[in-house]
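Trainee: What follows is a single structure, and I will ask about it in a moment.
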Amino acid sequence: MRGARTFRKANDGVAAVEFALILPVMIAMFFGVVELSLALTCRADVSVMASTAADLISQESIATAADLSNVYAAAGTLLYPYYDPSVTGSAKPTIRITSVIYDTVSKSTTAGKIDWTCTQSGSGTLTPTSRAKGDTVTLPQALMTTSGSVIIAEVAYNYASPTTQVLTGAINMTNNFWTKPRRVSQITAPASCT
């Protein structure tokens, strides 16, 4: 009986037991916060990529294959360290740049027809997966003007970290950006795009 009372009153090692119970939760929370901050940073970089790609191509009068290659490269550098072209096997982003021109039939300011579209294939999946010349595109607001055009830059990137690979798989991050050409009303199509 006396031994039972002594055992009940003993509190040596209580802190160690409590620490052992709390440590896995604390480690999981720490890695969760780090993982979430990396994913949010990558998501912000994808948004900046879309606006940068649209802004760069909107400054052209005639888009060439070299211009598009430079835009893809410049936009890709914004995703460093998630995408590093110097590292073999680094998953590059999918970037699609589309010129939507005024539709003389519908005369809509919130829709237009695709004049040309160019895509850098990469790890991400865009929605819709493809665009074709002559397809109708609905704009988010009244951006179209008579005889004008709108440039759409769409970016998709599969964010993958060791944690996401184990738990959920890669996360497809996408963003779109719309802008108007700056120097001309409609940018001439590059020869290498449809």
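The values are calculated or read from the model by the stated rules, or taken from the named source; none is laboratory data. These numbers come from a predicted model, not from an experiment. Positions of Cβ are generated from backbone atoms using ideal geometry, with glycine treated the same way; all protein chains shown enter the neighbour counts.
Trainee: Within the stretch 132-143, work out how many residues are under 24 Å from the mean Cα position of the chain (by Cα), free of Cβ contacts under 8 Å to residues at least 60 places away in the same chain and either over 19 Å from Ile57 (Cβ atoms) or not in a strand (DSSP E or B) (or both).
Mentor: Here the count works out to 7.
Trainee: List the number of the failed condition for Ala75; all other conditions in (1) surrounded by 12 or more Cβ atoms within 10 Å (Cβ to Cβ); (2) out of contact with any helix residue (DSSP H, G or I) (no Cβ under 7 Å at 6 or more places or on another chain); (3) of a type in the set (Gly, Ala, Ser) hold.
Mentor: With (1) surrounded by 12 or more Cβ atoms within 10 Å (Cβ to Cβ); (2) out of contact with any helix residue (DSSP H, G or I) (no Cβ under 7 Å at 6 or more places or on another chain); (3) of a type in the set (Gly, Ala, Ser) applied to Ala75, the lone miss is (2).
Trainee: Okay, moving on. Residue check, Arg43 against (1) of a type in the set (Lys, Arg); (2) loosely packed, with under 10 Cβ neighbours inside 10 Å; (3) modelled with pLDDT of 90 or more, all met but one. Which one?
Mentor: Here Arg43 clears every test but (2).
Trainee: Within the stretch 109-131, can you find the residues that are under 22 Å from the mean Cα position of the chain (by Cα) and in a loop (DSSP other than H, G, I, E, B)?
Mentor: Ser121, Gly122, Ser123, Gly124, Thr125, Leu126, Thr127, Pro128, Thr129, Ser130, Arg131
Trainee: Which of the residues belonging to the stretch 62-82 are out of contact with any Phe, Trp or Tyr (no Cβ under 7 Å at 6 or more places or on another chain), among the hydroxyl-bearing types (Ser, Thr, Tyr), outside any helix (DSSP H, G or I) and within 21 Å of Leu126 (Cα to Cα)?
Mentor: The answer is Tyr80, and nothing else.
Trainee: Is it the case, given these coordinates, that Ala189 is of a type in the set (A, V, I, L, M), within 22 Å of Thr52 (Cβ to Cβ) and over 24 Å from the mean Cα position of the chain (by Cα)?
Mentor: yes
Trainee: Name the single residue that is farthest from Ala153 (Cα to Cα) among those in the stretch 84-108 being surrounded by 21 or more Cβ atoms within 10 Å (Cβ to Cβ) and under 13 Å from the mean Cα position of the chain (by Cα).
Mentor: Looking at residues that are surrounded by 21 or more Cβ atoms within 10 Å (Cβ to Cβ) and under 13 Å from the mean Cα position of the chain (by Cα), I get Pro93.
Trainee: Any residue in the stretch 157-185 that is free of Cβ contacts under 8 Å to residues at least 60 places away in the same chain and under 25 Å from Thr117 (Cα atoms) sitting within a Cβ distance under 8 Å of a residue that is β-branched (Val, Ile, Thr) and not in a strand (DSSP E or B)? List the pairs, counting only those 6 or more apart or interchain.
Mentor: Once the first residue is free of Cβ contacts under 8 Å to residues at least 60 places away in the same chain and under 25 Å from Thr117 (Cα atoms) and sits in the stretch 157-185, its partners that are β-branched (Val, Ile, Thr) and not in a strand (DSSP E or B) give Asn172/Thr125; Ser185/Thr145.
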